[in-house]
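See structure below.
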Amino acid sequence: MTRAWILPLTLVLCGSAAATGLVFAKESGSALVFLLVCVTLAVVNSPLIFPRSISAVEAQRRSTVDGRPVVYWRPGCAYCLRLRMRLGRSAHRLHWVDIWRDPAGAAAVRAANDGDETVPTVVVGGQPHTNPDPVWVREQLSPGP
């Protein structure tokens, strides 16, 4: 199991255990609502919600070719989720690197943030920007499909 799935699985397991306790306490409606909230949080914090991650080396190569920004992120990061959600459909036009899956990506983020793994870090034209405004990131995308 990778680190990216630890938080979502923990949410589902804890939610299931709590919902089971609520069912035994004759609170079936509350159990269902609680379980749905936990599953929703698990999905939102899972790698499923983000575009497919690629390696930092591949992202840098592609960015050099097409000029699109590279986004370094990690599952469970509220700011990464905010960026992803606010970008909407244009999120697939960026190159996403999960720093928990790619040591080179984590090293690039540490180099850009004085040794900290602060995400999202967006690299545009070789310049890193830590936790930028999603509107600004959208503006950095060249017109295209």
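The values are calculated or read from the model by the stated rules, or taken from the named source; none is laboratory data. Just so you know, these numbers come straight off a predicted model, no measurement behind them. Cβ atoms come from the backbone with ideal geometry, glycine included; neighbour counts cover every protein chain shown.
Quick notes on this one:
- Residues in segment 118-145 that are assigned to a helix (DSSP H, G or I) and aliphatic (A, V, I, L, M): VAL135, VAL137.
- Matching residues, segment 1-29, being more than 10 Å from ALA42 (Cβ to Cβ), at pLDDT below 90 and touching a helix residue (DSSP H, G or I) at 6+ places or on another chain (Cβ under 8 Å): MET1, ALA4
- Close Cβ contacts (under 7 Å, 6 or more residues apart or on different chains) running from residues in segment 15-43 that are over 28 Å from PRO75 (Cβ atoms) to residues that are modelled with pLDDT of 95 or more are absent.
- Residues in segment 47-65 that are over 20 Å from ALA111 (Cβ atoms) and in contact (Cβ under 8 Å) with a residue 24 or more places away in the chain: 5 in all.
- Any hit, segment 97-109, residues being out of contact with any Gly (no Cβ under 6 Å at 6 or more places or on another chain), touching a residue at least 24 places away in the same chain (Cβ under 8 Å), surrounded by fewer than 21 Cβ atoms within 10 Å (Cβ to Cβ) and closer than 14 Å to PRO69 by Cβ: no
- For segment 35-49, residues that are hydroxyl-bearing (Ser, Thr, Tyr) and surrounded by 18 or more Cβ atoms within 10 Å (Cβ to Cβ) total 1.
- Counting only helices (runs of 4 or more DSSP H) that sit wholly inside segment 1-117, those with at least 3 residues that are of a type outside the set (D, E, K, R) and closer than 20 Å to VAL137 by Cα are 56-66, 78-87, 103-112.
- Residues in segment 60-76 that are in contact with a Leu (Cβ under 9 Å, 6 or more places away or on another chain) and either aliphatic (A, V, I, L, M) or closer than 21 Å to ILE6 by Cβ (or both) were compared, and the one that is surrounded by the fewest Cβ atoms within 10 Å (Cβ to Cβ) is GLY76.
- Number of positions in segment 110-135 that are out of contact with any Pro (no Cβ under 9 Å at 6 or more places or on another chain) and in contact (Cβ under 8 Å) with a residue 24 or more places away in the chain: 4
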